[in-house]
Amino acid sequence: AKFGVDVVHAASASLSEADHDFCFALLKRNMESLRLDAGWGFNDSGERATLRDEESHFLILRPSGQEDAAASPAGFCMYRWILEGECTVLYVYELQLTAEYRGKGLGKFVMQLLELLANKHKMQFIMLTVFKNNDGAMRFYLDRLKYSVDETSPSRCAVDDESSYEILSKCLDKELLKGAVQGADDLGPRLRNVALN
């Protein structure tokens, strides 16, 4: 198993209580202070409801050879299939790793798996939201994985110039990429316009 983990795919309804509890606890540990600092707040019951929503899908990252089903995973990813305007999107809601698994390439590997999954299901984009105060995540997605600030992000549409987050996206649709303006520093809007015309 790559990175010493096995990746288990599951819909929210099929996750065990132990896995739901793990996902919530890791989300709270990793994100509560970032969300509070960003002015979003952190509501335990609301976060649990999001994780349990029937539209939520998970990749659970289990240390390889883990015999005990109750033992803690290495992390998780939660995503949903959505429509953004008229574009099909795999939206990544959470990618959370435990401290000992960070900085080893596992996050990049999971995002590559999501790209393969999105391509298999003919999704046009992968999108996600990142807090501006999460410097490591911003660098990870923009620099390492080559995401762009999406046209729907508050900083791009001037709805709220002081927003605490960015919406990032990556186009996976080869036909849209063919019609994009080459050499542009951000293809997002041009790709959307091609998709809608």
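The values are calculated or read from the model by the stated rules, or taken from the named source; none is laboratory data. Remember, it's a predicted structure, so these values are computed and weren't measured experimentally. Glycine gets a Cβ as well: all are built from the backbone with ideal geometry, and neighbour counts include every protein chain shown. Only protein heavy atoms, including side chains, enter the accessible area calculation; ligands, DNA and RNA are left aside. Shrake-Rupley method; radii C 1.70, N 1.55, O 1.52, S 1.80 Å.
Evaluating SER45 against the criteria (1) part of a helix (DSSP H, G or I); (2) without any contact (Cβ under 8 Å) to a residue 24 or more places away in the chain; (3) in contact with a helix residue (DSSP H, G or I) (Cβ under 8 Å, 6 or more places away or on another chain) leaves one unmet condition, (3). For residues in segment 1-40 being assigned to a loop (DSSP other than H, G, I, E, B) and small (Gly, Ala, Ser), which is most open to solvent (accessible area, probe 1.4 Å)? Among those that are assigned to a loop (DSSP other than H, G, I, E, B) and small (Gly, Ala, Ser), it is ALA1.
Being crowded, with 18+ Cβ neighbours inside 10 Å, touching a residue at least 24 places away in the same chain (Cβ under 8 Å) and more than 17 Å from THR98 (Cα to Cα): is that true of LEU59 here? When the stated conditions are applied, LEU59 does not pass them. Considering segment 100-147, and only residues there that are among the basic types (Lys, Arg) and under 14 Å from ILE167 (Cα atoms), the residue that is least open to solvent (accessible area, probe 1.4 Å) turns out to be LYS132. From the list GLU100, GLU115, GLU162, GLU94, the one residue that fits, being acidic (Asp, Glu) and in a strand (DSSP E or B), is GLU94.
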